[in-house]
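The structure appears right after this line, and notes come after that.
Only the coordinates and a few stated rules stand behind these numbers; no lab work does. Everything numeric here is computed off the predicted structure, so don't read it as measured data. Please note: Cβ atoms are built from the backbone with ideal geometry, for glycine as well, and neighbour counts cover all protein chains shown.
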Amino acid sequence: MIGLAEASIRIEAPQREVFDFFPTEQGLRSWMAKEVAVDLRPGGRWRWVHDNDFAVSGTYLEVEPYGRVMFTYGWESGPFADMGSGSTIVEVRFVPTDFGTEVTVTHTGVPEDFLQAHLAGWTYFLGLLAEVALGRDAPTTRLPEPSPHD
């Protein structure tokens, strides 16, 4: 069975500032991964290596500066490697609001056995994004070791 993991957070920072932490190498290193490579354009490849040395990668499908990024997503290594590179789709929306920015991640095509772990992961990392967008250091970018069936 295939499913959808969706997580949102409200961040008291302008849309443009919040967006810039997501599709840039320096921005992603501050809250998501220790190694990052991005070619931010439709058809461009991206790759993240998390602190636990698990790698994910994919291809950008759509890029709307400051508003939305959509990309394929899959694991190269780690407990979710059965969900290979490019096997799922992630859409990240950045919506300006009266209080700042609402960021929503919608991850589609996730195997049901991996849904809870991916929902927990996106929720965790969006919390780290909020910390860095507010000018604080992320406490860690290392997600606790997941079980594929959490």
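Worth a mention:
- The residues listed here are L4, L40; of these, the one that is part of a loop (DSSP other than H, G, I, E, B) and either in contact (Cβ under 8 Å) with a residue 24 or more places away in the chain or not charged (D, E, K, R) (or both) is L40.
- E91 being touching a residue at least 40 places away in the same chain (Cβ under 8 Å) and surrounded by 15 or more Cβ atoms within 10 Å (Cβ to Cβ): no
- Residue pairs whose Cβ atoms lie under 9 Å apart, separated by 6 or more positions or on different chains, with the first residue in segment 111-122 and part of a helix (DSSP H, G or I) and the second among the hydroxyl-bearing types (S, T, Y), are A117/S147; H118/T88.
- The set of residues in segment 75-88 being without any contact (Cβ under 8 Å) to a residue 60 or more places away in the chain and either aromatic (F, W, Y) or crowded, with 20+ Cβ neighbours inside 10 Å (or both) consists of W75, M83, T88.
- Of the criteria (1) under 18 Å from A133 (Cβ atoms); (2) in contact with a helix residue (DSSP H, G or I) (Cβ under 9 Å, 6 or more places away or on another chain), which one V90 fails: (1)
- Subset of segment 55-74 (residues that are more than 14 Å from the chain's Cα centre (by Cα) and in contact (Cβ under 8 Å) with a residue 12 or more places away in the chain): L61, E62, V63, P65, Y66, G67
- Filter pass, A33 being among the hydrophobic types (A, V, I, L, M, F, W, C), surrounded by 19 or more Cβ atoms within 10 Å (Cβ to Cβ) and either more than 13 Å from the chain's Cα centre (by Cα) or part of a loop (DSSP other than H, G, I, E, B) (or both): yes
- Candidates T108, T24, filtered to the one that is in contact with a strand residue (DSSP E or B) (Cβ under 9 Å, 6 or more places away or on another chain), among the β-branched types (V, I, T), surrounded by fewer than 17 Cβ atoms within 10 Å (Cβ to Cβ) and over 20 Å from L128 (Cβ atoms): T108
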